[in-house]
Amino acid sequence: MTNGLMLCQHDERRRNSFDAAAAKERCRRYRRRILDISRQVSALHVAPAFSCVEIVDSLYNGAMRRDSNGEYCDIFLMSKGHGCMIQYVVLEEQGILSRADLDAYCKPGGRLGAHPDYGTPGIAASTGSLGHGLGIAVGQAFAEKLKGSDARVYCVLSDGEFQEGSTWEAMMAAANLGLSNLVALMDNNDFSGLERISEGHKAFYPLLDKARAFGFSTAEVAGHDSAEIFAALDDDCSNDATPRPKLIVCRTTKGKGVSFMESVPIWHYRSPNSEEYAQALNEIENAP
Amino acid sequence: MRNRFADTFYELGREDERLCLVVADISPAGSIEKFRTKFPQRFVNTGVAEQIMIGMTAGMAQRGLRPFAYTIATFSLYRPFEMVRDDLCYQNLCVTVVGIGGGLTYSTLGATHHAQEDVAIACAIPNLTVIAPCDPAETEAATRWCATQEHGPVYLRLGKAGEPDFTSNAPQPWTFGKLRQIRPGADVCILTYGPIMKRAWAVAERLEAAGRSVAINSVHTLKPLDVSGLADALTQFPSVVVIEECAPTGGLAMQVKAIAFDIGARTRLFSFTLKDEFIHCYGSHDDILDAHGLSIEDMTRRILSE
């Protein structure tokens, strides 16, 4: 075995052209599938997943490039591990995880738990404890640069993770290292476990100023508007004088798509009963 | 040890361009500076930020690099503990976390800089290999092993600079995971690791002067522990002595006692560890070891008195 760095060679990278109407139907499908699985287990983190459906879809079905074999050459890292249900259903649709994998979610013998696990197909890191993902993503982006590959690392974080000091250590390091191949997306639903961040932690805002002060280029988008997210992802800041990592703050609603779940803390963990399930399904099916 | 580590790492880094060094604002001692100057693209200083130091090495390893994280032991293991546990050990990545100044090395800096329970804590984490060389030669062997192994994460616990040589002429070579006899003897077997080897050696000399034939084993690999090698020592020697610069709970002494119980050993077993205390005492490394009850005289007297 050679000790030389293994260069990723992707001759032909393909990026999907983005169709907002198709994205809407995909996201509807993803929410429905998550709801279905929520009937099998008592704790599913439905609301944190619904919060970032459009974000994750815009990455897997938009920004992330594939090689000529159809394999992703860009990296997706779910730092907010509790939102992994949306990643699982996307990976299922892509054939990277199987239907049987998702049917065995959180069951003995299954390989998918309530937080993503490194080693599972499609999973770039084990997360679940908050404030770890961006640091790992920094290391991945640094490695790709050192190897001379042009792979990008996309890291989805909860806003709560930006209360962790470790996230700001990672922000500072990413900028110091000029990691222009790193894009962080914040799922800014304004809810931590206990309360609204804007009410309990007023100094948390403004966000963009903080990120810019830490050397990031920034964008703020409506986090359930796929076209807006994709446009922000598509702007690769290649005209910047200094290479910089990027933070896209996505303004979202926790539990998006089901009225009784939206911004109601209990749905961080709970699964719906039959009546609730029927109503939720109805709302998702009939959403414009 | 610090310098030999840096020299060895520099040599290895010339051959293997996957090797990277990530430090958290540690002052560049000797050859570390050489690596930094020669391979600036593979040297990262995260600043006073240990969580990202460990976190980013995880990502680097996942993408094919061979990172070493390097700073003072308390800051490489305690400060970013959850990153060591989750990012490195849970994901089982080949990253070496180097802790310099293991034990009470930084004797004048107070307990904030004393890694006095590092080995016990490190041994408790699944997947983490724990290696504590006793001198520069063992440091070189261990560093070479860490740079080429495929097991997973390693905590490499070093002293600082100026440790004497104990093992260049040892009858056995350094082998990962194996007890290493560095001094032959028949009556008493001393088990020890790390910079406190100097005291173990001094105790051996005193015991020899009192007519005992004393063997010393370097237990450089604390995890995985060489259980059969330790069981053999407990079976073959009438007296076994553990000397370690680590808190009493969870260190080598406790594990040796457990093995002795498991095999029904009939040997006389002495254990000398740090106290389960923060001692507010400043002075040389020797001064503070004395304050923990590990003076050469006290240890020798106790062994001879029973």
**Request:** Quickly run through the stretch A:135-151 and pick out the residues that are facing chain B (nearest Cβ under 8 Å) and either in contact with a strand residue (DSSP E or B) (Cβ under 6 Å, 6 or more places away or on another chain) or of a type in the set (D, E) (or both).
**Result:** A:A137, A:Q140, A:A141, A:E144
**Asked** Is there a residue being assigned to a strand (DSSP E or B) and without any contact (Cβ under 8 Å) to a residue 40 or more places away in the chain anywhere in the stretch B:183-198?
**Response** yes
**Item:** Search result, residues across the stretch B:269-290 that are open to solvent by 60 Å² or more (accessible area, probe 1.4 Å) and out of contact with any helix residue (DSSP H, G or I) (no Cβ under 9 Å at 6 or more places or on another chain)
**Value:** B:D276, B:E277, B:D287
**Asked** When the stretch B:49-75 is examined, which residues are found to be open to solvent by less than 10 Å² (accessible area, probe 1.4 Å), within 15 Å of B:D118 (Cβ to Cβ) and either within 11 Å of another protein chain (Cβ to nearest Cβ) or touching a Gly at 6+ places or on another chain (Cβ under 6 Å) (or both)?
**Response** B:I54, B:A69, B:A73
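For every residue, the table says whether it meets (1) under 30 Å from A:S263 (Cβ atoms); (2) at pLDDT below 65; (3) in a loop (DSSP other than H, G, I, E, B); (4) more than 14 Å from chain B (Cβ to nearest Cβ).
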| position | (1), (2), (3), (4) |
| --- | --- |
| A:L7 | no, yes, yes, no |
| A:N16 | no, yes, yes, yes |
| A:A22 | yes, no, no, yes |
| A:Q40 | yes, no, yes, yes |
**Complete:** Taking the stretch B:293-306 and keeping only residues that are more than 11 Å from B:A200 (Cα to Cα), open to solvent by 10 Å² or more (accessible area, probe 1.4 Å) and not hydroxyl-bearing (S, T, Y), one is left with B:G293, B:E297, B:D298, B:R301, B:R302, B:L304, B:E306
**Fill in**
Among the residues of the stretch B:13-28, the number that are under 21 Å from the mean Cα position of the chain (by Cα) and at the interface with chain A (Cβ under 10 Å from one of its Cβ atoms) is 2
**Asked** Could you say whether any residue in the stretch A:247-270 is surrounded by 15 or more Cβ atoms within 10 Å (Cβ to Cβ), more than 17 Å from A:S58 (Cα to Cα) and among the aromatic types (F, W, Y)?
**Response** yes
**Fill in**
Counting only residues that are more than 11 Å from every other protein chain (Cβ to nearest Cβ), surrounded by fewer than 24 Cβ atoms within 10 Å (Cβ to Cβ) and modelled with pLDDT of 95 or more, the stretch B:76-108 contains a total of 3
**Item:** Test for A:A125: is it touching a strand residue (DSSP E or B) at 6+ places or on another chain (Cβ under 7 Å) and modelled with pLDDT of 95 or more
**Value:** yes
**Complete:** Restricting attention to the stretch A:93-103, the residues that are open to solvent by less than 30 Å² (accessible area, probe 1.4 Å) and either over 14 Å from A:L44 (Cβ atoms) or touching a strand residue (DSSP E or B) at 6+ places or on another chain (Cβ under 7 Å) (or both) number exactly 2
**Fill in**
From the option list B:A141, B:A120, B:A137, B:A115, single residue qualifying as among the aliphatic types (A, V, I, L, M), away from every other protein chain (no Cβ under 14 Å), open to solvent by 10 Å² or more (accessible area, probe 1.4 Å) and over 18 Å from B:K178 (Cα atoms) is B:A120
**Request:** Any residue in the stretch B:1-22 that's part of a loop (DSSP other than H, G, I, E, B): show its pairings with residues that are buried (at least 19 other Cβ atoms within 10 Å of the Cβ) and among the β-branched types (V, I, T) at Cβ separation under 9 Å, as long as the two are six or more apart or on different chains.
**Result:** B:M1/B:I100; B:M1/B:T139
**Sole exception among (1) of a type in the set (S, T, N, Q); (2) exposed (fewer than 15 other Cβ atoms within 10 Å of the Cβ); (3) closer than 30 Å to A:E169 by Cα; (4) in contact (Cβ under 8 Å) with a residue 24 or more places away in the chain for A:S198, by number** = (4)
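The values are calculated or read from the model by the stated rules, or taken from the named source; none is laboratory data. Note that the structure is a prediction, hence the values are computed from the model and not measured. So basically every Cβ, Gly included, is an ideal-geometry build from the backbone, and we count neighbours across all protein chains shown. SASA here: full protein model, heavy atoms, side chains in, ligands and nucleic acids out. Shrake-Rupley method; radii C 1.70, N 1.55, O 1.52, S 1.80 Å.
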